[in-house]
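What follows is calculated from the coordinates using simple rules that are stated; it is not laboratory data. Just so you know, these numbers come straight off a predicted model, no measurement behind them. Counting neighbours? That spans all protein chains shown, and the Cβs are built from the backbone with ideal geometry, glycine included.
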Amino acid sequence: IGQNLVTLKEVDSTNTFLKNLVSNSKPLPEGTVIMAEDQYAGRGQQLNRWFTEAGKNLTFSILLKPTFLLLNDQFALTQAISLGVAKALSDVTGGGIKIKWPNDIYHNNRKLGGILIENMVQGTQINQSVIGIGLNINQQQFPEHLPHATSVRQILQKDYDLKALLSEICSQIEALYLQLKAGKADEINAAYLSFLFGLNETRNFRSNGEVFEGKITGVTSRGLLKIAQAGAEHEYNLKEVEFLID
Ligand code: BTN
């Protein structure tokens, strides 16, 4: 992953760019990475925008061809990718890195980055997968509408080399991707849980406009969040529950 690296000065979104390449041109090698110094229409989860300051952060997309995965097992890929990113950042920051379900990267209570995976599906199989990763690295300040954001720079009080970090992340992801390919999804799940924000802690959540106390007990193989509340266990998808972080 990352052997075939294309760096763009500016693009709307590396995910959109890579998806268009894949559907319009001759096949690209698996592991191709498209990186941009600036993105003017970065996309996040749930139709959110993704903001980045030009030249300061990592915004890139990886092309994978996980043809060994059924569509129903796509959460295992989400887990492998978020774990790879979390491990690489954990090495850099010396700890405090968490994965906020399903695939946000946090440092303590602040968001360091996010992941947007877009799969191209054929029947029940995942044909190609565009893995978009956005991480705040050397950005010093964030606009007021992003009060929960942080960066490696804010954590370490110094700049970090973007290319070095990119290659670190790519090799961590590659190792986990190969593990997934080798059928070791259970091990990846265990490691994912060890990074999971709020696991077994009493926390506040909101669902259907109501705030309640509960404890995350794990995730299902389909990627639902399991929360124990008032003596029973419930499973939620992303649209059904919000994890309230102060
Ligand atoms: C999120 O937290 O909502 C996911 C953010 C994903 C952002 C990355 S930046 C590179 C790639 N291109 C995009 O347009 N989005 C992803």
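For Leu146 and Asp159 in one chain, what is 0.36 nm times their gap in residues minus the Cα-Cα distance, to one decimal in nm? Before the final figure, lay out each step's value.
Working: separation 13, 0.36 × 13 = 4.68 nm, distance 2.06 nm.
Residue separation times 0.36 nm, minus the Cα-Cα distance, leaves 2.6 nm.
Using a 10 angstrom cutoff on alpha carbons, build the Gaussian network for the chain and name the most mobile of Ala191, Ala88, Ala230.
Of Ala191, Ala88, Ala230, the Gaussian network model singles out Ala230 as fluctuating most.
How far, in nm, would the chain grow between Thr217 and Glu53 when pulled straight, counting 0.36 nm per residue and subtracting the alpha carbon separation? Intermediate values should be presented prior to the final figure.
Values: separation 164, 0.36 × 164 = 59.04 nm, distance 3.63 nm.
Fully extending the segment from Thr217 to Glu53 adds 55.4 nm.
Could you work out the relative contact order of the chain, using alpha carbon pairs under 8 angstrom and six or more residues apart, expressed as a whole percent?
17 percent
Per-residue ellipticity at 222 nm for the chain, helices alone: DSSP H runs ≥ 4 residues times -39500 (n - 2.57), over residue total, nearest 500 deg cm²/dmol?
-8500 deg cm²/dmol
Which of the lysines could a cross-linker bridge to Lys9, judged by Cα under 22 Å and excluding same-chain residues fewer than eight apart?
Lys19, Lys56, Lys163
So how long is each side of segment 1-67 along the principal axes, counting just the alpha-carbon atoms, biggest first, in Å?
For segment 1-67, the Cα spread along each principal axis is 32, 25, 19 Å.
Taking the Cα-to-Cβ direction at Glu37 and at Val121 and moving 7 Å from each Cα, how far apart do the two end points lie in nm?
The modelled label-to-label distance comes out at 3.9 nm.
In a GNM of the chain with a 10 Å cut-off on Cα contacts, which of Ile155, Ile115, Ile131 has the highest mean-square fluctuation?
Of Ile155, Ile115, Ile131, the Gaussian network model singles out Ile155 as fluctuating most.
Can you give the Kirkwood hydrodynamic radius for segment 202-243, in Å, rounded to one decimal and based on Cα pairs?
It works out to 10.2 Å.
Semi-axes of the equivalent ellipsoid for segment 113-155, please: Cα gyration tensor eigenvalues, times 5, square-rooted, ordered largest first, whole Å.
Ellipsoid half-lengths, sorted descending, are 33, 10, 6 Å.
Any chance you could get the radius of gyration and Dmax over the Cα atoms of segment 5-195, in Å?
Cα only, segment 5-195: 15.7, 48 Å (Rg, Dmax).
Taking θ as phi - 60°, what are the ³J(HN,Hα) couplings along segment 189-202 by the Karplus curve (6.51, -1.76, 1.60), each to the nearest whole Hz, with x for Gly and Pro?
4, 4, 5, 4, 5, 5, 9, 6, 4, x, 4, 6, 10, 6
Rounded to the nearest 5, what % of DSSP beta bridges with both residues in segment 1-123 are antiparallel? Can you show the working numbers first?
Working: 12 of 18 bridges.
Looking only at bridges with both residues in segment 1-123, the antiparallel portion is about 65 percent.
Could you tell me what % of all Cα pairs in segment 21-117 have separations over 23 Å?
The share of Cα pairs beyond 23 Å in segment 21-117 comes to 33 percent.
Give me log10 I(q)/I(0) at q = 0.10, 0.13 Å⁻¹ for segment 122-246, Debye formula, one equal scatterer per alpha-carbon, no solvent.
Cα-only, vacuum Debye calculation for segment 122-246: -0.49, -0.83.
Compute the longest continuous run of the chain that contains no exposed GluC sites (Glu not before Pro); treat a site as exposed when its DSSP state is not H, G, I, E or B and it has at most 10 other Cβ atoms within 10 Å.
1-143
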